[in-house]
1. What does the charge add up to near Gly357, with Lys and Arg as +1, Asp and Glu as -1, over the other residues with Cβ less than 15 Å from its Cβ?
2. Taking 0.36 nm per intervening residue step and subtracting the Cα-Cα distance, what contour gain separates Phe564 from Ser51 on full extension?
3. Taking a cut-off of 19 Å between Cα atoms, list the lysines near Lys118, but don't count ones fewer than 8 places away on the same chain.
4. Can you list, by residue number, the Cys in the chain that have no neighbouring cysteine C-beta under 4.7 Å?
5. Along the positive direction of the dipole of the chain (beta-carbon charges: Lys, Arg +1; Asp, Glu -1; about the Cα centre), which of Leu224, Asn545, Ser504 reaches farthest?
6. On each of the three principal axes of the Cα atoms of the chain, give max minus min coordinate, whole Å, ordered largest first.
7. Assigning unit charges at the beta carbon (Lys, Arg +1; Asp, Glu -1) and nothing else, what dipole magnitude in debye, to the nearest 20, does the range 139-289 show about its Cα centre?
8. Test of understanding: express the Cα radius of gyration of the range 530-667 as a ratio to 2.2 N^0.38 Å, with N the residue count.
Amino acid sequence: MRTSSIQKMLILLVYYGFLFLNYVNRNAVAIECLASDQEALLDFKNGLQYSHNRLSSWRNTNCCQWQGIRCDNVTGAVVAVDLHNPSHVEFWLFDSSPSKNEMWNISGELRPSLMKLKSLRHLDLSFNTFSGIPIPKFLGSLMHLQYLNLSKAGFAGLIPPHLGNLSHLQSLGLADYSLHVENLEWVAGLVSLKHFTMDGVNLSSVATTDWVSALNQLPSLMKLHLSSCQLFGQIPSPPSLNLTSLSVIDLSFNKFSSMIPDWLVNINTLQHVDISNNDLHGKIPLGLRDLPNLQYLNLGNNENLKASCSQLLMKGWERIQVLDLSINKLHGRLPSSIGNLTYLTYLDLHDNAIEGGIPSSIGQLCNLNIIDLSRNKMTGTLPEFLLGIQNCPSRKPLPNLVYFIMSYNQLHGKIPDWLVQLESLAGIDLARNQLEGPIPFSLGSLQNLITLILERNQLNGTLPKSLGQLSKLSRLDVSSNQLTGMVSEDHFSKLSKLNFLHMSSNSFTINVSANWLPPFQVYSLRMGSCALGPSIPPWLISQTNLRELVFYNASILGFIPNWFWNISSDLTFLNMSHNELQGRLPNPLPRAFSSNHMIDLSFNLLEGPLPVITPGFYLLDLSHNLFSGEIPLNISQHMHYVGYLSLSHNQLHGEIPLSLGEMYLVTVINLSNNNLTGT
């Protein structure tokens, strides 16, 4: 959530700022730039390395018309140099190609001729590759700078304290994992700073100092980004608080072992707080719920933050849109007052110890996009009906809900009718509960559904044919239920985007024609305990992208066809156990299987000598078959990574090879119930 929302938001700002500058340049009245500024820019250009088109406009006699340059409308002095790499922005937003990234990329050196641009207020070199050169100290002499962005530009080493001389600077971007500081004393000089980004900068040298007090000297500071900065220990508390304008604070992905500081709940201007992925402990301050402007709070993955849900969510949170308290120690029941969080779009409380049921008042959350309450201790049923639907403009339940995730709880009862009316749903995950009753036929009307996971419940009845109409469905998992009946081609008729199909541990009979060609290409196919036989289904030959294949106890008998061994070069998991497969295995196993991680062919009627085992296995189970002959003396030669080897209950004879002792990663070797000798 943090990476996909915040980082893309920052990149969007840069991207549209770049477009605006170009628009201004194209549409402004032609202004003649200062000759001294043009000379300085040409010298600066000579230190850069770039593709031939990157600075192609830097040729004519008026530098105010050059790409990335903006001039004062009156004096003609250069006020902005924006050479950030826009293709990096497009890569994040639009999947731009690497070649396009290289076309816009700039490297080389920064020449001090920039200092001759006496009116320069805006300098952006972000997302380039300056190949580990240090940030030049002379940048601290650009006294009129208001905006400086060097984030992700390939600079490395010490951030020069000289940047503290930039008293007019309002925005400073230094995000990069290759940068570090010795101290933060220089920050005190940035008296005009509003936006400060140092994500990824190594701040470990100041972690044991009062680094908060250093930042507390910036009274205009509005946005502070210190994610992944190797900060650790306690979050300091300054004697008095001057950060009265702070709206955004991001301290995520550090190593704080601290309570949430009291001063945080005293900043009424806060809109965005992210202290996720640390080791915070203690109680979540109730004062957070009373912050009048708070829209985003992420305290997820701290593991030891505690709160009573009924107290924490009883009132407040007037403007909250994103609330992530996942992977902590929240307890108690969700109160019905959660329905008052009407601005809420994202609610993630997974991996806590929340009990009780889901209040029907969630129907009032008309703006909710994602709700994740998985891996808690919730009991009871899903609400039979939802309250507050009349308050939503569409008069429909949860009209904007995209993902509904309730897996790994103890919910029981039937899948409610309102769930299959949520037209925007892309994902439903109800796995590993105790739900019962049939799968609603009307699920097939959710045309935006991409993921449907119902595994390990107590659902009964048949698989609705309507699911075959879900043309966007990528993952279908109904395994480990009590489902029965025929599954025909109609069940898959429009599932052309299906990647994962899990139907194991039910009582299905697969009834398709001999020449059926599935509309899908799946990566994972699990049909254990489905009646697939009597032979390996011929349609399987079309599934050339398979990585997992599970056909255990599938009523398959007879010989394995030759084409089976070349079905997919990506196959890493194969379970065909508990069938009546006959004949010999190829010897050696084909190279297509040389990267296999797990093969289970136990409980069949396979015979003949053991095949030469190709490298790459960590589980191999050929037990309960009719294999005969001796175990090859060099069996361990290609089995360095095997952790589990079972050849039990066969007809093997001869000496147990001493080389088995060379399999240093193995935890189980089972050779029992053969005719082997030795120790």
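Read-outs throughout are calculated quantities, based only on the coordinates presented, and are distinct from any laboratory measurement. Predicted, not measured: the structure shown is a model, and the values here were computed from it. All Cβ positions, glycine included, derive from the backbone under ideal geometry; neighbour counts span all protein chains shown.
1. Numbers: positive: Arg333, Lys377, Lys414; negative: Glu355, Glu384.
So the surrounding residues net to +1.
2. On the way: separation 513, 0.36 × 513 = 184.68 nm, distance 5.01 nm.
Stretched out fully, the Phe564 to Ser51 stretch lengthens by 179.7 nm.
3. By straight Cα distance, Lys118 reaches Lys45, Lys137.
4. Cys229, Cys309, Cys530
5. Of the listed residues, the answer is Leu224.
6. Result for the chain: principal-axis Cα extents of 92, 60, 51 Å.
7. On the way: 6 positive and 9 negative charges, 58 e Å.
Result for the range 139-289 is approximately 280 debye, rounded to the nearest 20.
8. Values: Rg = 14.6 Å, N = 138, 2.2 N^0.38 = 14.3 Å.
Taking N as the residue count of the range 530-667, the ratio is 1.02.
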